[in-house]
1. Karplus couplings for segment 93-101 from phi (6.51 cos²θ - 1.76 cosθ + 1.60, θ = phi - 60°), rounded to Hz, Gly and Pro as x?
2. Sequence-distant or interchain residues sharing an amide H contact under 5 Å with residue 234, placed H: which?
3. If you take the square roots of the eigenvalues of the alpha-carbon gyration tensor of segment 3-144 and sort them as a ≥ b ≥ c, do you get rounded (a/c under 1.5), prolate (a/b over b/c) or oblate?
4. Calculate one ³J(HN,Hα) per residue across segment 151-164 by plugging θ = phi - 60° into the Karplus curve 6.51 cos²θ - 1.76 cosθ + 1.60, and present them in order as whole Hz with x for glycine and proline.
5. Per 0.36 nm of contour for each residue apart, how much would the distance between residue 331 and residue 2 grow if the chain were fully extended, relative to their Cα-Cα spacing?
6. From the Cα gyration tensor of segment 268-391, with a ≥ b ≥ c the square roots of its eigenvalues, which class applies: rounded if a/c is under 1.5, or else prolate if a/b is larger than b/c, or else oblate?
7. How do 76-83, 298-305, 373-380 rank on mean C-beta neighbours within 10 Å, highest first?
8. Helix 115-144 versus the longest principal axis of the chain: what angle, 0 to 90°, nearest 10, using Cα atoms?
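Derivation of every value follows stated rules applied to the coordinates shown; laboratory data play no part. This is a predicted model, so every value here is computed, not measured. All Cβ positions, even for glycine, are placed from backbone atoms using ideal geometry, and neighbour counts span all protein chains on display.
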Amino acid sequence: MNAIQKELIKATVPVLKSNGNDLITYFYQRMLSNNPELKNIFNMANQASGKQQNALTAAVLAYAENIEDPSVLINVLKSIGNKHVSLNIAPEQYDIVGNHLIASIKEVLADAATEELLEAWTCAYTELAQIMIGIEAEMYKKDSLKKGSWLGWRKFTIAKIVEESDEVKSFYLQPEDGKDIADFFPGQYLSVKTFIPELGYEQPRQYSISTSFNNEYYRISVKKEKGINAIPDGIFSNVLHTKKVGETIDVSAPAGVFYADPESINPLVLISGGVGATPLMSMVEANKVSLQKNKTVWVHSCRNENVHAFKDTIEELNSQENWLTSYVFYETLPEYKTNAIEGRVDLHTYKEEIIIDGAKYYICGPELFIKKQFQSLIELGVTRDAIFYEEFGPQSLALN
């Protein structure tokens, strides 16, 4: 891109801030109408709720604001790249997206979309696409060299189903072909795909792996979300919760940038809300089998005991292992005596327990929960580079 084109891109920032979501909504409608096969790739519940549109609007705005040096967005781009690789996105699909994006700019902005502006955005998108294709090519190559890994979708059999709480079921997934499966870092996720009868096409979703690695199975632990409107947020989880042992589901290789290095000697402080416990469960189980057994403090919050997944497992570990200390918060306490604390997490109250030299902090839960705990850690003196978080769904937070 030349200097004039970059200035044109930066000049669209105010428009993106005020009307960007209208543009992106139009873009998605245009693209999915003309390329309905993409409905098998895009999360249509996030489309219905507007989450995907909001996330892409924020991403386009961030790219425009940093057009002089897009490298500052590399961590975000790597996170997006991981998601794309887990969905088996191919380079030619970037052409489809680019064509519809430029056409949408032209049709929505009308007379304001000059030939110079369209050319500038075409150049900008092409550069971004090449960055993403390069990032993803490296990931595909790395995965192809990994023992037990695979490209694309692979059939897995549901070998066992365990009810972890009133809302969460764990699904033990074994490869149908009986071959090796890929190792992963604790905290990473799988993409799983199945046909959704109510929609008439397949849908993929990402679920954190909730165990440490073994060569026999993966375990994902899925909350059954309540349905809302015609295409509910929880349509996939509702279908998954009806599946039986012996049924198969498509799975892609482990991916994700939110993980704890099992060879690190840093203490861990884990902070979770609700089903956000799943990737942290993987970290705890990995720590249990590691040689160094890092000091770990786990602070978990949920509505009540009935929805507390892995409750008994963590209580048992807490009583048996001196490296683990856990604190549990319930909004509503049971009638009998419990070690749980009533109310919501306030990290300031536990400053002495969680502020540990050299610790790495991992937060997972709903968006507002992540924001609150992140800000609390900053106020308590934790540096941003020591805090990691996982936001389920389209990435919209940029706290680091």
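1. With coefficients 6.51, -1.76 and 1.60, one gets 6, 5, 5, 4, 4, x, 4, 6, 5 Hz.
2. Answer set, sorted by chain and number: 228.
3. Working: a/c = 1.71, a/b = 1.22, b/c = 1.40.
In terms of gyration-tensor shape, oblate.
4. Couplings: 9, x, 9, 9, 6, 10, 9, 6, 8, 7, 10, 10, 7, 8 Hz.
5. On the way: separation 329, 0.36 × 329 = 118.44 nm, distance 5.56 nm.
Computed gain between residue 331 and residue 2 is 112.9 nm.
6. The shape class here is oblate.
7. Packing order, densest peptide first, comes out as 298-305, 76-83, 373-380.
8. 40 degrees
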